[in-house]
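Novice: Can you read through this structure? Questions will come right after.
The values are calculated or read from the model by the stated rules, or taken from the named source; none is laboratory data. The structure displayed is predicted, hence computed values, not measured ones. Cβ sites come from the backbone with ideal geometry, for glycine too, and all protein chains shown count toward neighbours. We work out accessible area using only protein heavy atoms, side chains counted, and drop any ligands, DNA or RNA first. Shrake-Rupley method; radii C 1.70, N 1.55, O 1.52, S 1.80 Å.
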Amino acid sequence: FSMFMGPALVKWTRGETQYSIRCIPIGGYCAMEGEDSDTDSPNSFQKAKWWKRLIILVAGSFMNFVAGIVLMVVVSMTLQMAIPVIEYIEPNSSLVQHGGFQVGDRFLQIDGEIVENSNDVTDILNRHPGDIHDFVVERNGQRVVLDDFSFTKKTFGNETSPRYGFTFATTDAPLGLKLSSAWDNVVYAGKAVWMSLGMLLSGEAGLSDMAGPVGIVGQMSDVAA
C-alpha cells in the first residue's frame, strides 16, 4: 500500500502488508500478490473467488469517483461560483454586433446541448470556433430563442488572449447550490473525458495532444498561474 509514486522514502510492514511513502506526490497504489504474476500463496489475488476480485477492481474506480466528488465539494466551498448568466458585455463583442443578447440572460441550450453550468458554455463554443450557433436563453422568466449567431474571439483592452467578450455572473451560493454545482462539475469532467476519447477516435485530436504525468504537472502550473 503506497502513498505517492516513485522510490520509497519510508516503508514498513505490518501483518502481511508493506506500507510506503514515496517521493513523487502524485497518486498512489495498492498492489496485491498474484495480481500481475503467478504465485502459490492461498491468500493471493488470483486465488480469490471471482466476485471478490470483481469487487476489488470496481472499488478502485469507485474510490477515484468518490475522491473527485469530495475534492470538487472542497473547491466549491472556498470559491465564488460562476453561473451561466451574462453579467457584462464588451461594447464591440460578437454579442453586440449581432444583437439579441442582453445582460441577465441565462444560457439554457447551445446547438441543442443542455447548459448546466458556465463551463458548458465555453466548452461548446471552443469546440466549434467560428461556427454558427443556435441559443436558447432564459430572460425575465421566459425562454428566448436566438438562432444563427456567429461567435468569434477578440482581444479586449489589456487582455493578452482573445475571448468572446462577455463575462459570467458570480454568486455567493448557499450550501445546497454549492453541492449541486460540485456535482455538475464532476459530471462536466466526466463528459470531457468521453469527449476527449471521441476526439481521439475521430482524428480531431492526435497522440501529440496527449500528456503523461509531466504534462499534467505542466498544465497544473499553467492553471495556477
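Novice: How large is the accessible surface of LYS52 in square angstrom, using a 1.4 angstrom probe and rounding to the nearest 10?
Specialist: That residue has around 90 Å² of solvent-accessible surface.
Novice: Something else: For the chain, what is the mean residue ellipticity at 222 nm derived from helices alone (per DSSP H run of n ≥ 4: -39500 (n - 2.57); sum divided by total residues; nearest 500 deg cm²/dmol)?
Specialist: Values: 5 runs with 84 residues, N = 225.
Here the helix-only value at 222 nm equals -12500 deg cm²/dmol.
Novice: Please give every one of the lysines within straight-line cross-link reach of LYS52, meaning a C-alpha to C-alpha distance under 16 Å, and leave out same-chain neighbours fewer than 8 residues apart.
Specialist: none
Novice: Related question: In terms of Cα to Cα distance under 23 Å, which lysines are near enough to LYS178, apart from those fewer than 8 places away along the same chain?
Specialist: Qualifying lysines at Cα under 23 Å: LYS191.
Novice: Using Cα pairs under 8 angstrom and six or more residues apart, how large is the relative contact order of segment 100-174, in percent? Each step should come with its number before you reach the end.
Specialist: Numbers: 89 pairs, mean separation 17.8, N = 75.
So the answer I get is 24 percent.
Novice: Now for a separate question. On the protein heavy atoms, probe 1.4 angstrom, tell me the percent of accessible surface of the chain carried by carbon and sulfur. Before the final figure, lay out each step's value.
Specialist: Details: 9010 of 15090 Å².
C and S atoms contribute 60 percent here.
Novice: Looking at the P(r) of the chain, how many percent of alpha-carbon pairs lie beyond 30 Å?
Specialist: Details: 11366 of 25200 pairs.
Value for the chain (Cα pairs over 30 Å): 45 percent.
Novice: Next question, about the same structure. Using only Cα atoms, what is the ratio of the radius of gyration of segment 85-124 to 2.2 N^0.38 Å? If you can, show how the numbers build up before the last one.
Specialist: Values: Rg = 10.6 Å, N = 40, 2.2 N^0.38 = 8.9 Å.
Normalised Rg, Cα atoms only: 1.19.
Novice: Starting at 0 and stepping by 10 Å, how many percent of the alpha carbon pairs of segment 102-206 end up in each bin?
Specialist: Computed distribution, short to long bins: 12, 37, 38, 13, 0.
Novice: Let me ask another. Run through every distinct alpha carbon pair of segment 30-78 and return the Kirkwood hydrodynamic radius in angstroms, one decimal place. Walk me through the numbers before you get to the answer.
Specialist: On the way: mean 1/r = 0.0783 Å⁻¹.
Result for segment 30-78 stands at 12.8 Å.
Novice: Shifting gears a bit: What residues of segment 193-223 lie in the reach of a label at ARG127, counting those whose backbone N is under 12 Å from a point 7 Å from the Cα along Cα→Cβ?
Specialist: The answer is 193-200, whose backbone nitrogens lie closer than 12 Å to the label point.
Novice: Further question on the same structure: Divide, for segment 50-89, the radius of gyration over alpha carbons by 2.2 N^0.38 Å, where N is the residue count. Each step should come with its number before you reach the end.
Specialist: Numbers: Rg = 17.7 Å, N = 40, 2.2 N^0.38 = 8.9 Å.
That ratio works out to 1.98.
Novice: Let me ask you something else. Sum up the charges of everything whose Cβ sits under 13 Å from the Cβ of ASP40, counting Lys and Arg as +1 and Asp and Glu as -1, but leave ASP40 out. Present the calculation step by step, with values, prior to reporting the outcome.
Specialist: Details: positive: LYS47; negative: GLU33, ASP38.
Spelling it out: positives minus negatives among the neighbours equals -1.
Novice: Same structure again: If you roll a 1.4 Å probe over the heavy atoms of the protein chains, what accessible area per residue do you get for segment 7-153, in Å²? Please report the intermediate quantities before stating the final value.
Specialist: Numbers: 9650 Å² over 147 residues.
Counting only protein heavy atoms, the per-residue value for segment 7-153 is 66 Å².
Novice: Pick from ASP40, ASP184, ASP105: which is most flexible by mean-square fluctuation in a GNM of the chain where alpha carbon atoms under 10 Å apart are linked?
Specialist: The residue that fluctuates most here is ASP40.
Novice: If you average the alpha carbon positions of segment 153-225 and of segment 57-96, how far apart do those two centres end up, in angstrom?
Specialist: Comparing the Cα centres of segment 153-225 and segment 57-96, I get a distance of 9 Å.
Novice: Let me ask you something else. With every protein chain left in place, what is the accessible area of LEU9 in Å² (1.4 Å probe, nearest 10)?
Specialist: 120 Å²
Novice: Just the Cα atoms of segment 176-225, one point each, no solvent: what log10 I(q)/I(0) does Debye give at q = 0.16, 0.17, 0.22 Å⁻¹?
Specialist: -0.66, -0.73, -0.94
Novice: Compute a Gaussian network model of the chain, connecting alpha carbons closer than 10 Å, and tell me which residue from GLY176, GLY212, GLY190 fluctuates the most.
Specialist: GLY212
Novice: P(r) tail for segment 1-108, what percent of Cα pairs lie past 21 Å? Could you put the intermediate results ahead of the total?
Specialist: On the way: 3723 of 5778 pairs.
Roughly 64 percent, rounded to a whole number.
Novice: Cut-off under 12 Å on the C-alpha distance; same-chain residues fewer than 8 positions from LYS154 excluded. Which aspartates and glutamates are left, in chain and number order?
Specialist: The qualifying aspartates and glutamates are GLU90.
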